[in-house]
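Read the structure below first, then the notes.
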Amino acid sequence: MSLPDHAYAAVSSSSPLRVKICGVVNLAAANAARRAGADWIGLNFSPPSPRALDPPESAAEIVAALGHERVVGLFVNRPVPEIAAFAQRVGLRLIQLHGDETPKEAQLLASAGLQVIKAFRIGDAEAIAQARRWLDQAHALTQGQVPFACLFDAFVPGRFGGTGATLAASLLEGLRPMMASSALRPILAGGLTPENLAERLELCPARPWMVDVAGGVESAPGVKDPTRMAAFVAAARRFAASRFE
Ligand SMILES: O=C(O)c1ccccc1NCC(=O)[C@H](O)[C@H](O)COP(=O)(O)O
């Protein structure tokens with residue numbers, strides 16, 4: 001089974017390049033990310049990460065302050081009922097699955113009223129083929145409704161994300177059909193910084209719908225730097241203005 005035709009529509013060149021700042025650890029950092037111009041902020045609920053929200057329930061005040069349309073809750077291999085109940089409790093609507101979750105699990109979360117972003121860690125051509133299969137299955141289960149967006153991150157053995165590693169140019173090329181799909185809402189992640197963003201985007205075979213950063217806008221692991229966040233958003237806006245508008 002292949003992706004539905006509409007999934008391969010060309011990315012519109014008139015919409016802006018959105019920015020997600022991931023791994024914000026408190027309300028002050030969330031507000032700083034918003035002031036810097038981030039479209040989405042990510043809250044990490046994967047405790048081994050230095051970016052995990054502590055306590056997790058503090059998500060409620062961040063969602064209330066920023067609005068559920070701007071806040072993404074990130075989970076790694078948590079049971080569906082746990083994610084759904086937690087999201088309901090703190091008001092989250094956008095969920096990022098950053099582990100080995102199945103299309104069926106994504107479908108169940110969507111049935112619970114959540115918008116699912118699926119992250120794929122891409123280390124080789126087989127990982128690209130697996131991502132395609134995952135998307136085909138999810139689309140077949142949900143008539144193309146799930147996932148809401150998909151995120152392409154680097155693969156580092158033994159780690160799930162926030163690694164600072166970048167995707168090799170050859171792998172970006174292999175992602176071309178998915179990166180060129182507006183319906184998939186492709187998000188580019190992995191080792192992005194204010195300094196390298198334009199260069200990384202130049203290597204992309206098509207413009208992503210959004211760019212995502214965690215470590216590249218920090219002064220230390222888990223500590224977001226307002227100046228670096230603003231510089232990252234400015235770099236994204238500059239690139240979009242010069243290339244796409
Ligand atoms: O950021 C983390 O520490 C993390 C830990 C476990 C799973 C996912 C994690 N982050 C997910 C993200 O969306 C990051 O923004 C993405 O991996 C890119 O991170 P970075 O290379 O540091 O920009």
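For this structure, a couple of remarks:
- Counting only residues that are part of a helix (DSSP H, G or I) and either of a type in the set (A, V, I, L, M, F, W, C) or on the phi > 0 side of the Ramachandran plot (or both), segment 191-245 holds 16 of them.
So that you can scan it fast, the table gives a plain yes or no per residue for (1) of a type outside the set (Val, Ile, Thr); (2) at pLDDT below 95:
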{"site": "GLN137", "(1), (2)": "yes, no"}
{"site": "LEU151", "(1), (2)": "yes, no"}
{"site": "THR166", "(1), (2)": "no, no"}
{"site": "ALA169", "(1), (2)": "yes, yes"}
{"site": "ALA189", "(1), (2)": "yes, no"}
{"site": "ALA206", "(1), (2)": "yes, yes"}
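- All positions within segment 49-64 that are within 18 Å of the chain's Cα centre (by Cα) and either within 13 Å of the ligand (Cβ to nearest atom) or loosely packed, with under 14 Cβ neighbours inside 10 Å (or both): SER49, PRO50, ARG51, ALA52, LEU53
- When residues of segment 139-179 are limited to those that are aliphatic (A, V, I, L, M) and surrounded by fewer than 19 Cβ atoms within 10 Å (Cβ to Cβ), the one nearest to the ligand (Cβ to nearest atom): ALA165
- Filtering segment 32-48 for residues that are surrounded by fewer than 19 Cβ atoms within 10 Å (Cβ to Cβ), outside any loop (DSSP other than H, G, I, E, B), modelled with pLDDT of 95 or more and of a type in the set (Gly, Ala, Ser) leaves an empty set.
- Looking only at segment 208-245, and only at residues there that are loosely packed, with under 14 Cβ neighbours inside 10 Å and under 20 Å from PRO16 (Cα atoms), the one that is farthest from the ligand (Cβ to nearest atom): GLU245
- Tabulated pairs, segment 65-78, first within 12 Å of the ligand (Cβ to nearest atom), second of a type in the set (Ser, Thr, Tyr), C-beta under 7 angstrom, 6+ apart or interchain: LEU74/SER46; PHE75/SER46; VAL76/SER46
- Residue in segment 182-197 that is crowded, with 22+ Cβ neighbours inside 10 Å, away from the ligand (no atom under 16 Å from the Cβ) and over 18 Å from LEU74 (Cα atoms) present: yes
The values are calculated or read from the model by the stated rules, or taken from the named source; none is laboratory data. Just so you know, these numbers come straight off a predicted model, no measurement behind them. Because the Cβ atoms are built from the backbone with ideal geometry, glycine has one as well, and the counts that use them run over all protein chains shown.
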